[in-house]
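Notes to accompany the following structure.
The values are calculated or read from the model by the stated rules, or taken from the named source; none is laboratory data. All of these numbers come straight from a predicted model, not from anything done at the bench. No Cβ is skipped: glycine too gets one built from the backbone with ideal geometry, and neighbour counts run over all protein chains shown.
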Amino acid sequence: MGNLGSLVSPPPPTQHSQPPHHHEPWRPSVDKMSALHLLRSRETPMGLMPELVNATIGHQISSARELTLLLASFARRALWRSAVVLLSQARAVVDMPALGAALAACERGSQWSVAAALLEDFQSQLLSPDDGAAASVLAAAWMAS
């Protein structure tokens, strides 16, 4: 992604596909659709987030709607790095609602510079930011100060 490569890196992978050492409880790996369902639930514990994020990032995103749902789930939990990585991997299906959800994740994470870079990067792809997108960048800047 344009100038965002230096701002974020993919989240580290988790190693829960095989039972870990005896001091950690073992959890089976999660498929993409189950991960999407769990990410959307407000009752999912934060301790599961790395595994759920890994189950979604790196897989084919089939539609802009699916991308927006995932990004909105990341935004609810301020998982801005994951949102930016997913957005960069699914560039072919990015639309304005998906970009808005990624900007909301940056806003919740107080990452105004990343939000501004996203706007700049996707503006060059002829996506015209709407008022909500601009508001997310301004809110992130305000929260960061």
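Reported count of residues in the stretch 101-113, each being part of a helix (DSSP H, G or I) and surrounded by 23 or more Cβ atoms within 10 Å (Cβ to Cβ), is 7.
Taking the criterion of being small (G, A, S) and in contact (Cβ under 8 Å) with a residue 40 or more places away in the chain, the residues of the stretch 56-101 that qualify are S82, S88. Scanning the stretch 15-34 for residues that are out of contact with any helix residue (DSSP H, G or I) (no Cβ under 6 Å at 6 or more places or on another chain), charged (D, E, K, R), surrounded by fewer than 11 Cβ atoms within 10 Å (Cβ to Cβ) and modelled with pLDDT under 55 turns up at least one hit. The combined condition, being part of a loop (DSSP other than H, G, I, E, B) and among the acidic types (D, E), is fulfilled by E43. Determine if the stretch 84-96 includes at least one residue that is in a helix (DSSP H, G or I), under 14 Å from the mean Cα position of the chain (by Cα), among the charged types (D, E, K, R) and modelled with pLDDT of 90 or more. No; the residues of the stretch 84-96 include none that is in a helix (DSSP H, G or I), under 14 Å from the mean Cα position of the chain (by Cα), among the charged types (D, E, K, R) and modelled with pLDDT of 90 or more. M49 falls short of the stated requirement of being out of contact with any helix residue (DSSP H, G or I) (no Cβ under 7 Å at 6 or more places or on another chain), farther than 25 Å from S113 by Cβ and among the aliphatic types (A, V, I, L, M).
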